[in-house]
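Everything on this sheet refers to the single structure shown next.
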Amino acid sequence: MVETWLVELLKGTGRFFLHPVLYYLVFLVGVLGVMRVKRERKNFHIRAEDAYFELRQLFPLGMVIGLVLSIVTIAAGIAVPFAAILLIAVFTLLWSLTTNIRLISPAYTIGAAFFAIIIIAQNNWSVPLFSQTFSSVGDKVYPSMVVILGLLLLAEGILIFKNASKGSSPKLAKSKRGQVVGVHEVKRLWMVPLFLLIPGNALHLPFDWWPVFHLGTKEYSLIFVPFAIGFHQQIKGMLPKVAIELHGRRVIILGALISLLSVVGYWYPLISIVVAALAVIGRELLALFAYLKDDSMTSYFSKKNNGVIIIGVIPESPADKMGLQVGEIISKANGVVVRDEQTFYEALQKNRAHCKLEVFDTKGEIRFVQRALYEGDHHELGVLFVQDERKYDEKIG
């Protein structure tokens with residue numbers, strides 16, 4: 001029995017590296033990184049993070065969450081038809097072609113696959129190349145798919161919440177009044193891999209009650225599936241860290257609610273249809289509420305009377321080492337009142353060997369930071385400001 005499981009785990013892991021979504025995600029993340037760097041250079045003549053930043057976010061936390069959820073799915077014996085895995089991959093590809101990264105959310109990819117399976121089964125449609133796979137699905141509702149949807153929504157919320165401390169991308173845009181203001185944007189893709197049971201001939205049922213979410217067969221195989229999770233949010237009215245954490249908490253609550261409700265589908269399969277629809281509608285409403293709330297607020301990163309507001313800090317730069325933070329306002333540099341970027345750097349030139357700044361933090365409290373400057377440091381301090389002469393990308397609401 002143990003040997004059979006070990007062999008099946010190895011086979012399932014091997015199938016992971018054959019899954020096209022894995023390589024497609026790496027490609028998409030690479031594109032996101034390059035596009036972000038080009039936009040930041042257009043706005044600020046320098047990039048905030050390198051082009052590999054998004055790629056570094058793709059795997060680590062998602063792998064850890066996937067390991068935990070895999071233990072849950074295998075222990076509960078959550079089995080899904082292979083046709084569902086195929087459809088989830090197809091909808092991941094289709095929604096990505098819209099260029100709207102947030103549509104690569106479990107709510108939309110798994111939700112669409114869930115309803116597609118029902119429609120295909122009800123109408124006895126034949127799917128080219130996979131006719132045998134879909135003919136074995138039968139006229140059923142699969143509660144296990146909604147359980148997976150709920151668990152991955154929970155994972156999405158955790159990833160969004162944790163992303164708040166990873167940094168967002170500064171950009172320039174025009175407000176409704178035609179003024180150039182700063183906004184922050186997050187476009188992120190994560191991969192959460194899960195071990196799932198599918199109909200096969202390798203694993204026999206060890207207990208009468210296992211798997212709980214069975215498909216009516218007595219034998220199963222394991223497959224390691226890479227699930228994509230996409231997230232996009234633009235913030236103009238508050239600190240990006242605060243806004244992203246708030247959004248993440250809301251998605252966590254939605255994921256927990258869907259996960260709990262999805263279990264009811266084990267006894268009443270038709271309830272799964274309602275829960276799946278609730279997941280899709282709920283996720284869309286959360287995105288809409290976040291947009292409307294942000295749109296109703298005044299621009300956080302706009303010109304200030306008491307100094308220049310920091311919209312970005314370059315990692316590992318002198319500004320980063322001085323502890324300057326996004327959202328803080330520099331009011332004086334070397335004793336000189338600062339009104340814009342030009343006066344800021346002119347003030348730094350007064351003392352080429354030392355930099356002393358008077359800063360209002362995000363709570364409005366004043367503090368002083370200072371640092372010895374080396375040759376070239378004052379030209380590359382690593383602080384990004386909102387300036388009229390920069391190019392902007394779009395008009396914001």
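The values are calculated or read from the model by the stated rules, or taken from the named source; none is laboratory data. Only a predicted model underlies this, so the values are computations on that prediction, with no experimental measurement involved. Cβ sites come from the backbone with ideal geometry, for glycine too, and all protein chains shown count toward neighbours. SASA here: full protein model, heavy atoms, side chains in, ligands and nucleic acids out. Shrake-Rupley method; radii C 1.70, N 1.55, O 1.52, S 1.80 Å.
To keep it simple, each residue is scored yes or no on (1) of a type in the set (S, T, N, Q); (2) crowded, with 17+ Cβ neighbours inside 10 Å; (3) under 30 Å from GLY364 (Cβ atoms).
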| position | (1), (2), (3) |
| --- | --- |
| LYS241 | no, yes, yes |
| ARG249 | no, no, yes |
| VAL264 | no, no, no |
| PRO269 | no, no, no |
| ILE281 | no, no, no |
| LEU285 | no, no, no |
| TYR291 | no, no, yes |
Inset, instruction - Quick one: which residue in ILE71, ILE65 is of a type in the set (A, V, I, L, M, F, W, C), surrounded by 14 or more Cβ atoms within 10 Å (Cβ to Cβ) and closer than 23 Å to SER221 by Cα? - result: ILE65
Inset, instruction - Please enumerate the residues belonging to the stretch 2-54 that are farther than 30 Å from PHE195 by Cα, open to solvent by less than 20 Å² (accessible area, probe 1.4 Å) and among the acidic types (Asp, Glu). - result: GLU40
Inset, instruction - Give the residues of the stretch 213-242 that are at pLDDT 90 or above and among the aliphatic types (A, V, I, L, M), sorted by residue number. - result: VAL225, ALA228, ILE229, ILE235, MET238, LEU239, VAL242
Inset, instruction - State the number of residues belonging to the stretch 126-141 that are of a type in the set (Ser, Thr, Tyr) and either in contact with a helix residue (DSSP H, G or I) (Cβ under 7 Å, 6 or more places away or on another chain) or modelled with pLDDT of 95 or more (or both). - result: 1
Legend entry - Condition broken by PHE82, with the remaining ones in (1) at pLDDT below 90; (2) within 30 Å of VAL181 (Cα to Cα); (3) aromatic (Phe, Trp, Tyr) satisfied: (2)
Legend entry - Total residues in the stretch 301-353, condition farther than 25 Å from SER168 by Cα, open to solvent by less than 10 Å² (accessible area, probe 1.4 Å) and modelled with pLDDT of 85 or more: 3
Inset, instruction - Give, as residue ranges, the helices (runs of 4 or more DSSP H) completely inside the stretch 1-111 that count at least 2 residues that are under 30 Å from GLU316 (Cα atoms) and touching a residue at least 40 places away in the same chain (Cβ under 8 Å). - result: 20-44, 53-58, 60-76
Legend entry - Condition broken by ALA256, with the remaining ones in (1) in contact with an Asp or Glu (Cβ under 6 Å, 6 or more places away or on another chain); (2) of a type in the set (Gly, Ala, Ser); (3) modelled with pLDDT of 95 or more satisfied: (1)
Inset, instruction - With respect to LEU292, determine if the residue is at pLDDT below 90 and assigned to a helix (DSSP H, G or I). - result: no
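Does GLY382 satisfy the criteria of being modelled with pLDDT under 85 and more than 22 Å from SER175 (Cα to Cα)? Before the answer, list the steps.
On the way: modelled with pLDDT under 85: no; more than 22 Å from SER175 (Cα to Cα): yes.
In short, no.
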Legend entry - Odd one out for VAL369 among (1) in contact with a Cys (Cβ under 9 Å, 6 or more places away or on another chain); (2) outside any strand (DSSP E or B): (2)
